[in-house]
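The values are calculated or read from the model by the stated rules, or taken from the named source; none is laboratory data. Keep in mind it's a predicted model, so treat the numbers as computed, not measured. Note: ideal-geometry Cβ built from the backbone for every residue, glycine included; neighbour counts use all protein chains shown.
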Amino acid sequence: MVPASVFRPWGPIDWLLPRMKKDDWFLIGCNSVEERSLATLRYARKHVRAGRFYCIHDPDPLDAAGFERLTAAYRSELMAAGLAAEDIPSLPLLCELDIIKAQVDDCLSRNIPNVILDISATPKRWFFTLIQLLLDDPRAQNVIVTYASPEGYGPVLAENAEPIRVLPGYYETNGITSHEVLAVGIGFEPLGLTSLFNQVKPSRIKLLFPFPPGPPGFQRNWTFVKTIDDMTKERGNKSLDRIQLHMHDCPQIFDALRSMTEEGALTSALAPYGPKPMSLAMCLFALAAKDAGKTRVPVYYAQPKRYMSDYSTGIRIQQDGQMDIQAYCIKFNSEKLYRIT
């Protein structure tokens, strides 16, 4: 078990960042079509000494002109905030991991040990890799992950997904073809789920249900659940548990994964379809299992090759007038805060 003395702080960015008592941060984010991709920079601008925002191009865009128009508008704001053109590089969504690694290496060569990674609009294929690299590199001594909620989501988020497969760097090395536990984060669109159940063959399925989802997310989450219910009934799988977890409480979700796998003793696989903070907890659990020498935890995902230009709208504003930006400290003074024994 993680010692009780290990505190994994998280909360609104205006609560967490001042309490870190660290000056000068390097901000990594995404030059996206979503306005919320700018939320962390807008709040933390006075704390940020340098940054890198990736303009990630879909291999099969539906609205290339719309993508260029929106990213160009937000790029102007990034440059007005002091980012140079070379710090807003255009890179392909499905680029090789060595390219992402070279980007992180270049960022950390600036000798700024404090890093904020904003995952609000960063594709999971990218942010799972970025987190792994930042946690493992000693030059990144303090790492915060941020997530800004939008005002709303479009009717369709993404399409034309790749076949479901294990995310690069999160694979099973022991040749296991079935798992005792499959944890599925409940989201909006069940891309590739049929193939997932054919590949993983779990003994038990744990559905991590984000709470409170709120309308219309509630209806979309339950449609997702029904898809899984129908598939498991066809396969005769009787062990299907629904677990309600706060959608922003990354430590709680991480601890739930620890509990359901008996600290990684049970073989498990993860499918991060849910909200980004839930996916963050899955990412951290898979990395913690590897660090602890447990059986590797594969993370399955069907990477969309086409994201909608209206994926989300605006930035959610809270009752106190502040942007809804959650922040998670995952590394403090070179210590990884999410681990298992």
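Here are a few things to note about the model shown:
- Residue match in the stretch 102-110 (condition: of a type in the set (S, T, N, Q), within 13 Å of ILE28 (Cα to Cα) and under 14 Å from the mean Cα position of the chain (by Cα)): no
- When restricted to residues that are surrounded by fewer than 18 Cβ atoms within 10 Å (Cβ to Cβ), over 25 Å from PRO61 (Cβ atoms) and not charged (D, E, K, R), the stretch 83-107 contains 1.
- Complete set of residues in the stretch 54-67 that are free of Cβ contacts under 8 Å to residues at least 24 places away in the same chain and surrounded by 15 or more Cβ atoms within 10 Å (Cβ to Cβ): none
- Among the residues of the stretch 105-123, those that are over 18 Å from THR40 (Cβ atoms) and either touching a Cys at 6+ places or on another chain (Cβ under 6 Å) or in a helix (DSSP H, G or I) (or both) comprise ASP105, ASP106, LEU108.
- Only strands (runs of 3 or more DSSP E) whose full extent lies in the stretch 18-92 are considered here, and the ones with at least 3 residues that are farther than 22 Å from LEU157 by Cα are 25-30, 48-57.
- Taken together, LEU157, LEU133 contain a single residue that is modelled with pLDDT under 95 and surrounded by 16 or more Cβ atoms within 10 Å (Cβ to Cβ), which is LEU157.
- Where helices (runs of 4 or more DSSP H) fall wholly inside the stretch 179-269, the ranges with 1 or more residues that are modelled with pLDDT under 90, over 28 Å from GLY152 (Cα atoms) and of a type in the set (Ser, Thr, Tyr) are 193-200, 217-235.
- Some residue of the stretch 87-95 being among the charged types (D, E, K, R), in contact (Cβ under 8 Å) with a residue 12 or more places away in the chain and not assigned by TED's automatic domain parsing to the domain that holds PRO275: yes
- Sole residue being closer than 25 Å to TRP222 by Cα and either among the small types (Gly, Ala, Ser) or buried (at least 20 other Cβ atoms within 10 Å of the Cβ) (or both), chosen from SER334, SER268: SER268
- Scan the stretch 136-154 for residues that are at pLDDT below 90 and either crowded, with 16+ Cβ neighbours inside 10 Å or part of a loop (DSSP other than H, G, I, E, B) (or both) and the total you get is 2.
- Meets criteria (more than 23 Å from ARG8 (Cα to Cα), of a type in the set (Gly, Ala, Ser) and within 16 Å of the chain's Cα centre (by Cα)) for ALA286: no
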